[in-house]
Structures are given as C-alpha cells and as structure tokens.
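S.K.: I am attaching a structure below and will ask some questions about it afterwards.
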Amino acid sequence: MNVTVRAAAKINLHLGVGAPRGDGFHPLTSVYQAIGLCDDVTASDDESGWDLRLQVSDWIDAGAVPVDSGNIVTRAASLLARHHGIASDGHLLIEKAIPVAGGLAGGSADAAAALVALDRLWDAQTSDEDLLAIAAELGSDVPFALLGGTALGTGRGELVTPLADAGTWWWVLVPSLEGMSTPEVYRHFDKLFPDASPTPPPADELIAAVASGEPHRLARLLRNDLQAAAIDLRPDLGLLLDEGEEEGALRGLVSGSGPTCVFLCESADHARDLAGALMRRGHGIVLVANGAVAGAHIVGGNHG
Ligand code: ATP
C-alpha cells in the first residue's frame, strides 16, 4: 500500500513577536497563510523496515536536508508510533519543492504530511485533536501545516484558529540559495529589541483586511517583526524588497525568519509581470503562488 500527502509552504502575513518567555520561546501573534508551493510525502509499506528518501527540485540543494534521524519526518514517525504503541515502520519519500531554511516552514510541511500519510498507512485513525497535539510537539509551525488556509497562531504559534478569508491572494516569491537559521534570527531580534513587550502585537486590523479580500488594504497592514533582524543579518534582502516594490509589488515582506522575500500582487497577471521583471533584474529563481490553499491532504495512493 502507499499513500501520498501534499503539504503547503506558509507565509506570515503578520508576525508579531514578544520578548522571550521563561521557556526560551518567543510569544507570537502570527497570521499564517498556506500558499500553492508544496512538498509531497509518500509513505509505503512495500518492504519492511524504515527508510527515508529525498527528491528535490533542481534548484534546491539536497545536501541541506538530512535523510537520517535528523529529518523532522523521522521524529514525526516516532512520535506517532509511540502514541499508538506500535513500531515505526514504512518507507517515506519526500518530494521537495519548498526552499530549505527559507522561512516557509518546509520542514514543518513535511512533518504534517508524514503524520497524515503514516496515520493512513498504519490505519491508526488518530483523532484530529491528538494529531494537532503531536504536531505541536514537533514544532510551532506544524499544527498550521495540518490546518492550512489562513489562520491565527498564538502561544509560540502552535495554537491555531482558522480565519475568514475572502481573497485569492497572489504572491511572487524570491527564494535565496543560502538559507538562514531561524534560532539565529530570533537571537538577533533579542539583541536589536531588548525592550520588546512580553505581549506580541495584535493582528486585528490585518485579520479584518484578510476577511475583506482587498489586496491594497492587506498590503498596508502586512507586518513581520523579524524583518529588521533578518535584513540586518542579510542586507541583500532589504535591497530585494526595494527592487520588488520599484517593479510594482503592492508590498514586499520577508517571510518568517527569512531569507525568502514575498511580494503581494493585485492579480495573477500582475504577479506574472512582476516575476518577469524580477527575473530580468537577474534573480534566477522567482516563483508565483496563490493562497490560501488546503493543509496536509491525501492526493494519491493505492491499497495494492
Ligand atoms: P521555519 O520557518 O519553520 O523555521 P524554514 O522554512 O526556515 O522553517 P526548514 O526548511 O523547515 O526551514 O528547515 C530548517 C532546517 O531543518 C534545515 O536547515 C534542515 O537542516 C532541517 N530539516 C530537517 N528536516 C527537514 C525537512 N524535511 N525539510 C527541510 N529541512 C529539514
């Protein structure tokens, strides 16, 4: 038997960051959106034992993704198996199109996809509540990768609530060939903002803009508190945001902890035009994606 599950990259329309809590995590108010840039995870039990393989889009460096116990899908498998008191058996294939260490939560997407795929492969019938709890244990962005759509994340981002979203939002993405470490960006945020409030800035106005479906209104309200830290570490990102806005993006934003930069556009045509302009300026990899799309879901498989 095999089952293939697709999970999407996320961007943060709002990432409000507070001062670190006692446990070291930063309290967040995050408005996540799942966009149409996806990894597929296929789980199969054609042979016994545990195995993990990786296939990547040609511009992604496969060497940046561990294929041993360091891969988050291996941890996902162990946690799910332990929850059910069974052995973690199966062959997993990750087909990766989401940039690695790009601020798009690609690893979290893979973890969510692996949970859904293995739950089906093992016929474990995990409840949604338990799946979300296991996801939260794996990482702050993993519950959202299960949920998809547009959602509010609180706590350290792991407590997710779906939001009303009336738009079809068009994004141009410019990934970077060199990833950034999320913990390092948070450490730099703490250095730059030692007096950050313990309460992260709310997202109420932006949430209303998402519900209105109006891109110009949303553009004005996009916010990422990690952006200053990311640009301080990587000044080229600031230049890239300027370029995108000069070429007509409604707004440019660093995605999460970076380095991927995302540009909000008015329409699909506008996004294609902007992508062309950025390529002409010499950016090799420029992607167009729309949101919001579904969370981790089954797209294929057989019961053979
Ligand atoms: P986030 O924004 O959630 O921090 P990110 O998109 O910046 O995530 P990821 O692509 O999730 O970063 O990867 C972060 C690190 O996790 C990588 O540098 C890699 O070494 C490790 N990793 C483990 N498993 C995976 C996986 N399945 N896909 C990508 N990276 C993985």
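S.K.: Pop a pseudo-label 7 angstrom from the Cα along the beta-carbon direction at both Ser48 and Glu137 and give the gap in nm to one decimal.
M.R.: Modelled inter-label distance: 2.6 nm.
S.K.: Taking only protein heavy atoms and a 1.4 Å probe, what accessible area per residue, in Å², does the chain have with all protein chains in place?
M.R.: Ligands and nucleic acids excluded, the figure is 42 Å² per residue.
S.K.: Calculate for the chain the 222 nm mean residue ellipticity that helices alone would give, adding -39,500 (n - 2.57) per DSSP H run of length 4 or more and normalising by residue count, nearest 500 deg cm²/dmol.
M.R.: That comes out to -10500 deg cm²/dmol.
S.K.: To the nearest 0.05, how large is the calculated FRET efficiency for Glu246 and Arg21 if R₀ is 45 Å and r is the Cβ-Cβ distance?
M.R.: Here the calculated transfer efficiency is 0.70.
S.K.: Hey, another quick one. Pairing the Cα long axis of helix 106-121 with the longest principal axis of the chain, what angle in degrees results, from 0 to 90 and rounded to the nearest 10?
M.R.: Compared with the principal axis, the helix lies near 30 degrees.
S.K.: Carbon and sulfur: what percent of the chain's accessible surface (1.4 Å probe)?
M.R.: It is 50 percent, rounded to a whole number.
S.K.: Restricting the count to DSSP beta bridges whose residues both fall in the chain, what percent are antiparallel, rounded to a multiple of 5? Mind showing how you got there, number by number?
M.R.: Numbers: 49 of 58 bridges.
Close to 85 percent.
S.K.: Relative to the longest principal axis of the C-alpha atoms of the chain, give the angle of the C-alpha long axis of helix 72-84, reported between 0 and 90° and rounded to the nearest 10°.
M.R.: 50 degrees
S.K.: With an 8 Å cut-off on Cα pairs and a minimum separation of 6 or more residues, tell me the relative contact order of the chain in percent.
M.R.: About 28 percent, as a whole number.
S.K.: A further question on this structure: Checking the a/c ratio against 1.5 first, then a/b against b/c, what shape does the Cα gyration tensor give for region 169-291?
M.R.: Taking the square roots of the gyration eigenvalues as a ≥ b ≥ c, region 169-291 is oblate.
S.K.: Check His297: other-chain or 5+ apart residues with amide H under 5 Å from its amide H, H built from backbone geometry?
M.R.: For His297, whose amide H was placed from the backbone, the distant partners under 5 Å are Arg6.
S.K.: Another question about this same structure. Compute the angle between helix 268-280 and the longest alpha-carbon principal axis of the chain, please, reported from 0 to 90 degrees and rounded to the nearest 10.
M.R.: Between helix and principal axis, roughly 80 degrees.
S.K.: How would you classify region 129-176 from its alpha-carbon gyration tensor, with a ≥ b ≥ c the square roots of the eigenvalues: rounded for a/c under 1.5, else prolate if a/b is greater than b/c, otherwise oblate?
M.R.: Verdict is oblate for region 129-176.
S.K.: Here's something else I'd like to know. How far is the Cα center of region 251-304 from the Cα center of region 81-127, in Å?
M.R.: So the separation of the two Cα centres works out to 23 Å.
S.K.: Can you pull the one-decimal nm distance between simple spin-label points at Arg187 and Asn302, each 7 Å off the Cα toward Cβ?
M.R.: Those two pseudo-labels are separated by 5.0 nm.
S.K.: Using a ≥ b ≥ c from the Cα gyration tensor of region 1-69 (square roots of the eigenvalues), is it rounded, prolate or oblate, where a/c under 1.5 gives rounded and otherwise the larger of a/b and b/c decides, a/b for prolate?
M.R.: Taking the square roots of the gyration eigenvalues as a ≥ b ≥ c, region 1-69 is prolate.
S.K.: Would you mind getting me the FRET efficiency between His216 and Asp130? Use the beta-carbon distance for r and R0 = 45 Å, nearest 0.05.
M.R.: Working: r = 41 Å, r/R0 = 0.92.
Here the calculated transfer efficiency is 0.60.
S.K.: Obtain the nm distance between the two label points defined at Ala228 and Thr154 by a simple spin-label model: each point lies 7 Å from its Cα along the Cα-to-C-beta direction.
M.R.: 2.5 nm
The values are calculated or read from the model by the stated rules, or taken from the named source; none is laboratory data. The structure presented is a predicted model; accordingly, all values stated were derived computationally and were not measured. Please note: Cβ atoms are built from the backbone with ideal geometry, for glycine as well, and neighbour counts cover all protein chains shown. Keep in mind that these areas ignore ligands, DNA and RNA; they rest on the heavy atoms of the full protein, side chains included. Shrake-Rupley method; radii C 1.70, N 1.55, O 1.52, S 1.80 Å.
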